[in-house]
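Working notes for the structure below.
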Amino acid sequence: MRPLDGITVVTLEHAIAAPFCTRQLADLGARVIKVERPHSGDFARAYDERVRGLASHFVWTNRSKESLTLDVKHAEAPAILARLLEHADVLVQNLAPGAAARLGLSYEALREAHPRLIVCDISGYGGDGPYRDKKAYDLLIQSESGFLSVTGLPEAPVKAGCSIADISAAMYAQSNILAGLLQRGRSGRGCHIEVSMLESMVEWMSYPLYYAFDGATPPPRAGAAHATIFPYGPFAAGDGKTVMLGLQNEREWQVFCSRVLELPELAGDPRFCSNSLRTQARDELRELIAGRFARLSSEQLIEKLDAAQIANARMNDMHEVWEHPQLKARGRWTEVDTPAGAIPALLPPGEVDAFAPRMDAVPALGQHTDAILGELGWDQAAIGRLRQAGAI
């Protein structure tokens, strides 16, 4: 038995934040019914064709769901949505600002008829305030939250390579929904959850915010290096490959000098004898380290760092991550089905010995429409009329 077996989630979602939230609920056993536009569906289906003709974002965030096509603006849609919600525990939406309310799907409109329903609204900026109606995409929230100001090189900010603003909102939505289900188990009543992408990202920005507290200078953009700890970041080995290393304290600095650089006298050099001094003198120290590392291949360097118990990592590309020996050794890959055939999928992080995560297929657009409507009481003739009318 999975933790969310028996829980039904209805979701009007697109892109990443809400789909990633509800996919994680499906991983835990929830039945997730994804309401999509007829003919086109979630617009993330068309982002690219990199997975055997399917979109990479979509296959990542939509396994284990059922796809119901429905034109939510059609005259027949309210009756179908109302019947769906009779059986739902959770409603999730990340439509355009105000769209759910116009469809009669706000918490205020639903709470009386569905007192046990948990409604989770995911938006860029929240349901009120001067930014309420602004469109919000991942890169825009990375910018508004200050993330871009501390990420990149001194001469140019750089966005994160994955959709971290969407992902942060998805994680807070999921955890708040789980908390809402726990609370409902005690009170018997549902609740309204509002998750803002901006607020999610600003929470993640709390370290640089506090570092810049009370008008202090913010952390500088330092590329792949740490802005305020040194040496901590990328260094080239003699074979041209990049090795990441990180020192956290003075004991490690002494070991690094004696066993990796083979310059024990450097540990007491007054230019470098504290992290603050090393950070101030990073250019000079980086040049010195680079000269020593140039004598070693990346494998030799990693072997030396491991022997000295200095934290390090290879800078893997995507192909190397697919083949990562640690993931393979731990059996973290499985397969899920898709309309284009089986593809590999990472098991959800957090290995639990009490249950196996749900890893069902990525749905084709509208794959479950007839079955869901039949379950709700529409016969085949009625379903045919809905399809002919363009409602589904």
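The values are calculated or read from the model by the stated rules, or taken from the named source; none is laboratory data. Predicted model, so just to flag it, every value in this text is computed and none were measured. Note that each Cβ is placed from the backbone with ideal geometry, even for glycine, and that neighbours are counted across all protein chains shown.
Picking from P97, P115, which residue would you name as being within 21 Å of Q183 (Cβ to Cβ) and not in a helix (DSSP H, G or I)?
Working: P97 fails: within 21 Å of Q183 (Cβ to Cβ).
From the options P97, P115, the qualifying one is P115.
Go through (1) surrounded by fewer than 12 Cβ atoms within 10 Å (Cβ to Cβ); (2) more than 23 Å from the chain's Cα centre (by Cα); (3) among the basic types (K, R) and name the single condition R385 misses.
(1)
Which residues, counting only those in the stretch 243-270, are in contact with a Lys or Arg (Cβ under 8 Å, 6 or more places away or on another chain) and loosely packed, with under 15 Cβ neighbours inside 10 Å?
Within the stretch 243-270, the first condition is being in contact with a Lys or Arg (Cβ under 8 Å, 6 or more places away or on another chain), and the residues that meet it are 243-244, 253, 259-263.
Residues satisfying the conditions are E262, L263.
Within the stretch 300-318, count every residue that is among the acidic types (D, E) and either modelled with pLDDT under 95 or surrounded by 14 or more Cβ atoms within 10 Å (Cβ to Cβ) (or both).
1
Among the residues of the stretch 70-118, write down those that are surrounded by fewer than 19 Cβ atoms within 10 Å (Cβ to Cβ), among the acidic types (D, E) and over 24 Å from G390 (Cα atoms).
Hits for the stretch 70-118 are E108, E112.
Report the residue count in the stretch 172-191 for those that are buried (at least 17 other Cβ atoms within 10 Å of the Cβ) and outside any helix (DSSP H, G or I).
Residues flagged as buried (at least 17 other Cβ atoms within 10 Å of the Cβ) and outside any helix (DSSP H, G or I) within the stretch 172-191 amount to 2.
So L84 ticks every box in (1) farther than 21 Å from A382 by Cα; (2) modelled with pLDDT of 95 or more but one. Which box is left unticked?
Looking at each condition in turn, L84 falls short on (1).
If you scan the stretch 48-77, which residues turn out to be closer than 17 Å to H14 by Cβ, assigned to a loop (DSSP other than H, G, I, E, B) and out of contact with any Ser or Thr (no Cβ under 7 Å at 6 or more places or on another chain)?
Start the filter on the stretch 48-77 by keeping residues that are closer than 17 Å to H14 by Cβ, which leaves 48, 54-63, 65-73, 77.
If we keep only those that are assigned to a loop (DSSP other than H, G, I, E, B) as well, we get 48, 55, 62-63, 70-73.
Hits for the stretch 48-77 are A55, N62, R63, L70, D71, V72, K73.
When the residues of the stretch 338-349 are narrowed to those that are under 15 Å from A26 (Cα atoms) and assigned to a loop (DSSP other than H, G, I, E, B), which ends up farthest from the chain's Cα centre (by Cα)?
Among those that are under 15 Å from A26 (Cα atoms) and assigned to a loop (DSSP other than H, G, I, E, B), it is L347.
Only helices (runs of 4 or more DSSP H) wholly contained in the stretch 245-330 count here; list those with 2 or more residues that are within 22 Å of A224 (Cα to Cα).
Here the list reads 250-255, 275-280, 282-293, 298-307, 318-322.
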